[in-house]
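Enquirer: Please see the structure below; I have some questions.
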Amino acid sequence: MNDLSVTELSRTECLALLATSDLGQLALTRRALPKVVPAHYVVRDDHVVVHISTGLDTTPWADGEIVALHVFAFSDDQRHGWSVSVTGIARGTPALDGSEPRPHAPWIAHGGGDLIAISTDLLSGERLAPTDEPKREQSAPDA
């Protein structure tokens, strides 16, 4: 069985992979405790615009708080895949209420809904894949 390698992704690769999905996990804090909620998003310029769906939580985020969006995709055998995280300050955005063209995002309610923008200034990612070389067996020293 081959070993797995983890490779750090460039900013360009991270942004390209983020654009291939529209659902991630948004990490934030509530009452000083971590909370992770599902979040639909679109990449717009140097920001990720997030629409949060948190169910019963009537205040899912606070303007100015630090949040992290995590997006990933892995093969069924979990030997191939990628993971990208965007960390930044959550800012409410009215930009989708008609002042700018709406992105192709049918899950955003007409008029915008509960949207935040997160800068992509702090972006990281990694790719997981099998290594090309088989694992080398250590041989016994010559006697």
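Enquirer: Could you please find all residues in the stretch 1-35 being under 16 Å from Gly88 (Cα atoms), more than 12 Å from the chain's Cα centre (by Cα), surrounded by fewer than 18 Cβ atoms within 10 Å (Cβ to Cβ) and not basic (Lys, Arg)?
Expert: Thr29, Pro34, listed by residue number.
Enquirer: So which pairs qualify, if the first residue must be in the stretch 113-140 and under 23 Å from Ala16 (Cβ atoms) and of a type in the set (Asp, Glu), the second must be part of a loop (DSSP other than H, G, I, E, B) and modelled with pLDDT of 90 or more, the Cβ gap must be under 9 Å, and the two must be at least 6 apart or on different chains?
Expert: So the pair list comes out as Glu126/Leu9.
Enquirer: Turning to a different aspect of this structure: Do you know which residues across the stretch 5-57 are part of a loop (DSSP other than H, G, I, E, B), at pLDDT 85 or above and either under 16 Å from Ser119 (Cα atoms) or in contact with a Gly (Cβ under 8 Å, 6 or more places away or on another chain) (or both)?
Expert: Scanning the stretch 5-57 gives Leu9, Ala19, Asp46.
The values are calculated or read from the model by the stated rules, or taken from the named source; none is laboratory data. From a predicted model like this one, the values you see are computed outputs, not experimental measurements. We place every Cβ from the backbone using ideal geometry, glycine too, and count neighbours over all the protein chains shown.
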